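Okay, so here's the structure we're looking at.
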Amino acid sequence: MDEKLKTFYELTERRRSVREFLEKDIEGEKVDRLLKILQRAQSAANCQPWHFIVVRSEDRESIKHVFTREGFKKAPLAIVACAEPSKAWVRRADGVNYAWVDVSIAVTEMISAATAEGLGTCWVAAIDPVEVKRALEIPDGVDVVGIIVVGYPIEELKKVEKERKPLREIIHHGRW
Ligand SMILES: Cc1cc2nc3c(=O)[nH]c(=O)nc-3n(C[C@H](O)[C@H](O)[C@H](O)COP(=O)(O)O)c2cc1C
């Protein structure tokens, strides 16, 4: 396999959810690169119906209380991913709004970039969105999709075998 391809596949194998972080801030240029990835992500009809609130360690007091896990409270960076459905593409056939899909794509790409940077991440959906909106002054009409905690992992990222459904259960060839 070509080296660049190998690097890509190894990266996807290294990613896992990290829930304990070192008490070490992330270099500013790394954070900037991650934010550019969020900006460049694809979205339906290029609507970009998203906002991302960057909460660095010096500001984390404002949202610490929304996490139940100690590890998440200590992450040096939290990115609050928000969707603005009124700005999103809507599928005419059934009225489905793509805002959350678009936000999820941007976040997924950012998580891959963070892995390449040697950082660990965890997507945290189990928060109270009403409380997050209050704490961070997020306006009406904007949804909190999740908070992505980011930091240097306590344990090095390496390939791990994951519990996943077998391919035959999830892939359908030709028809269902
Ligand atoms: C949309 C989404 C929400 C998640 N919410 C949480 C969460 O609230 N708390 C948590 O510890 N992990 C959360 N996770 C991480 C998943 O539990 C994890 O991705 C899954 O168990 C597979 O493990 P892996 O990420 O290590 O491959 C979330 C992941 C996704 C994609």
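Using a basic spin-label model with each label point 7 Å from the Cα along Cα→Cβ, how many nm lie between L11 and H172?
A separation of 3.2 nm, rounded to one decimal place.
Could you work out how far apart the two model spin labels at V101 and E20 are, taking each label as a point 7 Å from the Cα in the direction of the beta carbon, and quote it in nm?
Distance between the two pseudo-spin positions: 3.9 nm.
What helices does the chain have that are whole DSSP H segments, at least 20 Å long along their own axis by Cα, and with mean Kyte-Doolittle hydropathy of 0.5 or more? List each step's numbers first, then the result.
Details: long enough: 99-116 (26 Å, 1.20).
Helices passing the filter in the chain: 99-116.
With charges set only on the Cβ (+1 for Lys and Arg, -1 for Asp and Glu), what does the dipole of the stretch 98-172 come to about its Cα centre, in debye to the nearest 20?
In debye, rounded to 20, the stretch 98-172 gives about 360.
Name the most mobile residue of K159, K133, K74, meaning the one with the largest mean-square fluctuation, in a Gaussian network model of the chain with Cα contacts below 10 Å.
Its mean-square fluctuation being the largest, the pick is K159.
Per the Cauchy relation, a quarter of the hull surface: what is the mean projected area of the convex hull of the alpha carbons in the stretch 64-175, in nm²?
Taking the Cα atoms of the stretch 64-175, their convex hull projects to 10.2 nm² on average.
Given a Förster radius of 35 Å and the C-beta distance between T108 and D140 as r, what FRET efficiency does 1/(1 + (r/R0)^6) yield to the nearest 0.05?
The pair T108/D140 has a calculated efficiency of 0.85.
Tell me whether the stretch 128-176 comes out rounded, prolate or oblate; compute the Cα gyration tensor, take square roots of the eigenvalues as a ≥ b ≥ c, and use a/c under 1.5 as the rounded threshold.
Oblate.
Return the subset of K30/K165; K6/K74; K4/K162; K4/K73; K4/K36; K24/K158 for which the Cα-Cα distance in this structure is over 31 Å, preserving the input order.
K30/K165; K6/K74; K4/K73
Fully extended, how many nm does the chain gain between S57 and A125 (0.36 nm per residue separation, minus their Cα-Cα distance)? Please report the intermediate quantities before stating the final value.
On the way: separation 68, 0.36 × 68 = 24.48 nm, distance 1.99 nm.
Extending this stretch completely gives an extra 22.5 nm.
Assuming 0.36 nm per residue, please report the length gained on full extension of the stretch A45 to E117 beyond their Cα-Cα distance.
Working it through step by step, the gained length comes to 23.0 nm.
At 222 nm, what value in deg cm²/dmol follows for the chain if DSSP H runs of at least 4 each add -39500 (n - 2.57) and the sum is divided by all its residues, to the nearest 500?
Theoretical 222 nm ellipticity from helices: -10000 deg cm²/dmol.
Report the residue, chosen from E58, E70, E163, that carries the largest GNM mean-square fluctuation when the chain is represented by alpha-carbon nodes joined by springs under 10 Å.
Taking springs between Cα atoms under 10 Å, the residue moving most is E163.
Subtracting the Cα-Cα distance from 0.36 nm times the residue separation, let me have the gained length for K4 to V160 in nm, one decimal.
54.1 nm
Compute a Gaussian network model of the chain, connecting alpha carbons closer than 10 Å, and tell me which residue from R14, R60, R164 fluctuates the most.
R164
Using each residue's phi in the stretch 156-172, evaluate 6.51 cos²θ - 1.76 cosθ + 1.60 at θ = phi - 60° and report the 3J(HN,Hα) Karplus result to the nearest Hz, with x for Gly and Pro.
Along the stretch 156-172, the couplings run 4, 6, 9, 4, 10, 6, 10, 6, 9, 5, x, 3, 4, 7, 10, 9, 10 Hz.
We did not get these values from a lab; they are worked out from the coordinates using the rules stated. Just so it is clear, the structure is predicted and the values come from calculations on it, not from any experiment. Here Cβ is always computed from backbone atoms with ideal geometry, including for glycine, and neighbour counts include all displayed protein chains.
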